[in-house]
Amino acid sequence: MKEITINLNGAARRVAVAPNETLLDVLRGKLGIKTPKEGCGRGDCGACTVLLDGKVVRSCLILAIEVDGQSVTTLEGVGQQGPTALQQAFVANNAFQCGFCTSGVVLAASALLTEKPQPTEHEVREALAGNLCRCTGYEPIVKTVLDVARKTGRKSAKRRARS
Ligand code: FES
Ligand code: FES
């Protein structure tokens, strides 16, 4: 076992990990984080998505020992001051059904909107291509991300016009 320190959702956490434990196992089994899910366990479904130093990763494919000293964001760390516009829009647009994929989808979409606030539909679909959803057919998810981007764009334009 080795002690590692990660910045988890803004707070430093120390945890002892075995060399073969995945980040997903440690988050769920040792750190009380339940939103990343184990679907396929081999990098195909995206249910275990987290952000590692802001980048979208599959936590089932990463050894916990490798993330020593890095920042991990899970859905528990998003919207700590209340639901984000994206989270609110997911609810308003019924962009999920069973919810198994939703944590990963929201994190991947948040990362996209941070990097590219005004993505095209193609870019949204590409960014979410690694997050499989068995329920929604993807249309409400893509529409939700595009709606949020459009609204954010309109607000920024108004702010620019006022200043
Ligand atoms: Fe990690 Fe499916 S559980 S990608
Ligand atoms: Fe059920 Fe996406 S809402 S898998």
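The values are calculated or read from the model by the stated rules, or taken from the named source; none is laboratory data. From a predicted model like this one, the values you see are computed outputs, not experimental measurements. We place every Cβ from the backbone using ideal geometry, glycine too, and count neighbours over all the protein chains shown. Calculation scope for accessible area: heavy atoms of the full protein, side chains included, ligands and nucleic acids excluded. Shrake-Rupley method; radii C 1.70, N 1.55, O 1.52, S 1.80 Å.
Worth pointing out:
- Rounded to the nearest Hz, the phi-derived 3J(HN,Hα) couplings of region 149-159 under the Karplus curve 6.51 cos²θ - 1.76 cosθ + 1.60 (θ = phi - 60°) are 4, 5, 5, 4, x, 5, 4, 5, 5, 5, 4, where x marks glycine and proline.
- Computed from backbone phi, the HN-Hα couplings of region 53-64 come to 6, x, 9, 6, 9, 8, 6, 6, 9, 10, 6, 4 Hz, rounded to whole numbers (Karplus: 6.51 cos²θ - 1.76 cosθ + 1.60, θ = phi - 60°; Gly and Pro given as x).
- Ordering of 46-54, 19-27, 100-108 by packing [mean C-beta count within 10 Å, highest first]: 100-108, 46-54, 19-27
- Per-residue ³J(HN,Hα) for region 9-16, Karplus 6.51 cos²θ - 1.76 cosθ + 1.60, θ = phi - 60°, Hz, x for Gly and Pro: 6, x, 10, 6, 10, 9, 8, 8
- Here, region 55-97 has an Rg and a Dmax of 14.0, 39 Å when only alpha carbons are counted.
- Whole-angstrom gap from region 134-163 to region 1-68, using each part's C-alpha centre: 30 Å
- Principal semi-axes in Å for region 11-98 [√(5λ), Cα gyration tensor, largest first]: 24, 16, 11
- Protein heavy-atom accessible surface, 1.4 Å probe, per residue over the chain: 54 Å².
- Using the rule -39500 (n - 2.57) for each DSSP H run of four or more residues, divided by the residues of the chain, the 222 nm mean residue ellipticity is -11500 deg cm²/dmol.
- Start at zero, step by 5 Å, and the Cα-Cα distances of region 5-163 spread as 2, 9, 18, 21, 19, 13, 9, 5, 2, 1, 0, 0 percent across the bins.
- Net charge, Leu86 excluded, C-beta distance under 13 Å - Lys, Arg +1, Asp, Glu -1: +2
- When the pairs Lys30/Lys143; Lys34/Lys151; Lys55/Lys151; Lys116/Lys158; Lys37/Lys143; Lys37/Lys151 are compared against a 26 Å limit on Cα-Cα distance, Lys30/Lys143; Lys34/Lys151; Lys37/Lys151 fall above it.
- Nonlocal amide H pairs with Gly39, under 5 Å, H built at 1.01 Å: Ala47, Cys48
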